[in-house]
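Encoded as structure tokens, the structure appears first; notes follow it.
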């Protein structure tokens with residue numbers, strides 16, 4: 001069970017260092033053998049088609065699209081966010 | 001505590017009308033996100049911050065004065081913050097709180113008892129509550145916490161803390177009920193209730209911005225959690241408590257019922273006072289209304305460490321409006337206990353329960369240990 005409001009809450013405009021900061025810590029987390037397996041892009045119902053094409057895929061932090069997504073057409077700027085993907089999610093939902 | 005009760009109507013007025021202006025009574029500090037656990041339910045250990053130094057914390061506490069009654073020094077793992085003891089000494093010197101609550105994963109069990117003793121001795125008029133995390137019995141705990149041997153260290157730490165001769169120390173056990181252990185809740189309760197801790201509290205695993213778990217499915221299903229919580233309430237109600245423990249356990253039962261209600265209704269079942277009566281200061285100096293939303297109201301470094309300048313700012317008002325409009329809801333225990341205290345029907349139910357002695361008779365190891373001073377059990 002997940003709070004729907006929180007998913008939207010994290011889709012606030014980000015500062016310029018957001019992507020660097022988050023991807024760096026995910027990279028470190030994977031290196032340190034935590035339960036993190038990769039990163040996903042969180043989009044919303046109101047996200048633009050360019051952002052939506054990145055939803056669902058699991059990326060290595062080195063290969064993840066940089067937020068704000070280049071070419072995003074959302075009014076007011078890109079509101080995407082990253083989320084950690086955990087290894088137990090992979091075991092339950094193999095792609 | 002009387003001072004806190006006196007402030008309740010003022011906070012209710014403050015939330016409704018914006019007056020009188022009040023500083024929070026319940027403050028959570030995260031001096032460092034560093035953690036040596038690798039929990040399935042938490043990703044905070046990956047974070048690194050430009051942490052506030054002790055002298056900076058000192059100035060923050062100075063600006064808060066005697067307002068906060070209840071401090072939680074959280075993390076990460078709080079005992080990985082090298083200056084934990086001086087930090088507690090500083091907050092005690094300036095704020096004179098009634099409660100200092102510190103959770104721990106017990107991994108640094110060799111140094112924890114010494115530091116706890118130092119905190120207890122230098123904060124003699126505060127209740128020092130050390131909550132040891134326990135998410136499973138034996139290897140199940142180790143698997144969820146991601147560290148082999150963690151359960152054994154928990155037991156060693158627990159024993160060592162119980163042996164300390166500190167009248168103001170309360171050693172509790174804290175379990176996070178997640179989808180990884182909800183099916184083993186009975187086994188967990190059997191162990192925790194048999195351990196003779198001063199208190200046993202559980203909290204549901206939920207997504208938090210602070211823990212970087214937004215979107216990660218760690219929360220048990222509503223039905224499974226309801227079963228686990230009913231089982232826990234039944235165990236608490238089979239015991240009898242005396243003195244202040246009657247009150248704390250009655251609040252605890254109310255909290256568990258509230259969680260079920262929030263999960264079912266998916267809204268603030270009672271008004272949330274995060275942003276009014278409770279708040280959090282993150283490692284880098286950001287002030288948040290709570291760790292679930294983690295809205296950055298501003299950074300203390302940018303306002304000369306004056307908490308009030310952030311707390312009474314337009315940005316804080318904007319976030320308060322969002323909370324008041326029920327744009328969020330959650331089951332965060334720390335904030336919920338404050339919310340219940342501010343909710344007169346809940347307080348009335350607790351009062352009626354205590355007066356009516358509806359909590360059956362006790363000999364329970366959890367909640368109160370007759371060998372310890374009655375003053376050692378707090379909310």
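The values are calculated or read from the model by the stated rules, or taken from the named source; none is laboratory data. None of these values were measured; they are calculated from a predicted model. We place every Cβ from the backbone using ideal geometry, glycine too, and count neighbours over all the protein chains shown.
Among the candidates B:84, B:40, the residue that is modelled with pLDDT of 95 or more, at negative phi and either surrounded by fewer than 19 Cβ atoms within 10 Å (Cβ to Cβ) or more than 14 Å from every other protein chain (Cβ to nearest Cβ) (or both) is uniquely B:84.
Taken over segment A:5-32, residues that are in contact with a strand residue (DSSP E or B) (Cβ under 9 Å, 6 or more places away or on another chain), within 11 Å of another protein chain (Cβ to nearest Cβ) and part of a loop (DSSP other than H, G, I, E, B) amount to 3. Among the conditions (1) in contact with a helix residue (DSSP H, G or I) (Cβ under 7 Å, 6 or more places away or on another chain); (2) more than 14 Å from every other protein chain (Cβ to nearest Cβ); (3) more than 22 Å from residue B:243 (Cβ to Cβ); (4) not in a strand (DSSP E or B), the only one that residue B:155 does not satisfy is (1).
Scan segment B:230-279 for residues that are within 14 Å of another protein chain (Cβ to nearest Cβ) and outside any loop (DSSP other than H, G, I, E, B) and the total you get is 7.
Looking only at residues in segment B:47-59 that are buried (at least 23 other Cβ atoms within 10 Å of the Cβ) and in contact with a helix residue (DSSP H, G or I) (Cβ under 7 Å, 6 or more places away or on another chain), the one that is nearest to the other protein chains (Cβ to nearest Cβ) is B:47. When residue B:252 is tested against (1) within 15 Å of the chain's Cα centre (by Cα); (2) farther than 11 Å from residue B:340 by Cβ, just one condition goes unmet, and that condition is (2).
Kindly indicate which of B:86, B:124, B:113, B:31 is without any contact (Cβ under 8 Å) to a residue 60 or more places away in the chain and part of a loop (DSSP other than H, G, I, E, B).
When all the criteria are applied, what remains is B:124.
Return a yes/no flag: does segment B:127-135 have any residue that is buried (at least 18 other Cβ atoms within 10 Å of the Cβ) and more than 27 Å from residue B:187 (Cβ to Cβ). There is at least one residue in segment B:127-135 that is buried (at least 18 other Cβ atoms within 10 Å of the Cβ) and more than 27 Å from residue B:187 (Cβ to Cβ). Considering only segment A:53-67, state which residues are surrounded by 16 or more Cβ atoms within 10 Å (Cβ to Cβ) and either over 25 Å from residue B:38 (Cβ atoms) or touching a residue at least 60 places away in the same chain (Cβ under 8 Å) (or both). Result: A:54, A:65, A:67. Each residue in segment B:207-222 was checked for being facing chain A (nearest Cβ under 7 Å) and either buried (at least 22 other Cβ atoms within 10 Å of the Cβ) or in contact with a strand residue (DSSP E or B) (Cβ under 7 Å, 6 or more places away or on another chain) (or both), and 6 of them qualify.
Taken over segment B:181-229, the residue count meeting the criterion of being under 19 Å from the mean Cα position of the chain (by Cα), farther than 16 Å from residue B:259 by Cβ and part of a loop (DSSP other than H, G, I, E, B) is 7. Which one is farthest from residue B:129 (Cα to Cα) among residues in segment B:148-161 that are touching a residue at least 24 places away in the same chain (Cβ under 8 Å) and crowded, with 16+ Cβ neighbours inside 10 Å? Filtering first and then ranking leaves B:150. Every residue in segment B:291-321 that is farther than 21 Å from residue B:264 by Cβ, in contact (Cβ under 8 Å) with a residue 24 or more places away in the chain and within 14 Å of chain A (Cβ to nearest Cβ), please. B:291, B:293, B:294, B:295, B:319 - these are the residues of segment B:291-321 that are farther than 21 Å from residue B:264 by Cβ, in contact (Cβ under 8 Å) with a residue 24 or more places away in the chain and within 14 Å of chain A (Cβ to nearest Cβ). Among (1) modelled with pLDDT under 95; (2) out of contact with any helix residue (DSSP H, G or I) (no Cβ under 8 Å at 6 or more places or on another chain); (3) within 14 Å of another protein chain (Cβ to nearest Cβ), there is one condition residue A:35 misses while meeting the rest; what is its number? The single condition residue A:35 does not satisfy is (2).
Among the conditions (1) in a loop (DSSP other than H, G, I, E, B); (2) within 12 Å of chain B (Cβ to nearest Cβ); (3) crowded, with 20+ Cβ neighbours inside 10 Å, the only one that residue A:82 does not satisfy is (1). Number of residues in segment B:171-183 that are surrounded by fewer than 22 Cβ atoms within 10 Å (Cβ to Cβ) and in contact with a helix residue (DSSP H, G or I) (Cβ under 6 Å, 6 or more places away or on another chain) equals 2.
Here residue A:71 meets each of (1) surrounded by fewer than 18 Cβ atoms within 10 Å (Cβ to Cβ); (2) touching a helix residue (DSSP H, G or I) at 6+ places or on another chain (Cβ under 6 Å); (3) in contact (Cβ under 8 Å) with a residue 60 or more places away in the chain with one exception, condition (3).
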